[in-house]
Amino acid sequence: MSPSVFRDNSGHVAMELMKGEVADAVLEAVRETHDGVSVSELPGYVIIEVKGRLDLEAEAVRDELGRDDWVMTDLNEIMHAFAGNVETFTVDRLVLSRPQK
């Protein structure tokens with residue numbers, strides 16, 4: 001797997017997350033709702049990449065974690081970087097997008 005966040009520098013959005021329980025839950029939640037998820041596993045962190053738009057609901061992550069107390073802003077604790085435009089970032093939802101050419 002390539003450590004590059006972008007395969008082609010256009011059309012993709014990505015999150016770079018510190019490895020652990022929450023990153024695993026986020027990855028599973030993204031896989032359940034998106035096709036073509038690309039994952040790059042590197043020492044200490046994971047890059048989750050999708051084409052065009054990533055729409056992540058906190059409820060889906062809570063379900064994966066088996067906890068009711070997780071909110072989207074908790075993602076700040078493990079997200080090193082992201083690629084794309086932030087459309088929405090609330091306690092319930094994160095949407096990253098990138099215009100398609």
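Read-outs: derived from the displayed coordinates by stated rules, not from any lab. Since we're looking at a predicted model, the values are computed, not measured.
So what's the back-of-envelope 222 nm ellipticity for the chain, counting only DSSP H runs of four-plus at -39500 (n - 2.57) apiece and dividing by all residues, rounded to 500?
On the way: 2 runs with 21 residues, N = 101.
Helices in the chain give a 222 nm mean residue ellipticity of -6000 deg cm²/dmol.
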Fully extended, how many nm does the chain gain between Arg93 and Asp68 (0.36 nm per residue separation, minus their Cα-Cα distance)? 7.5 nm
Can you divide the C-alpha Rg of the chain by 2.2 N^0.38 Å and report the result to two decimal places? 0.99
For a quick check: with amide H placed at 1.01 Å from N, whose amide H comes under 5 Å from His12's, ignoring anything fewer than 5 positions away on the same chain? Gly52
Tell me, what ³J(HN,Hα) does each residue in the stretch 59-73 have, in order and in whole Hz, if you take phi through Karplus 6.51 cos²θ - 1.76 cosθ + 1.60 with θ = phi - 60° and put x for Gly and Pro? 4, 5, 5, 4, 4, 5, 6, x, 10, 9, 9, 7, 10, 4, 5
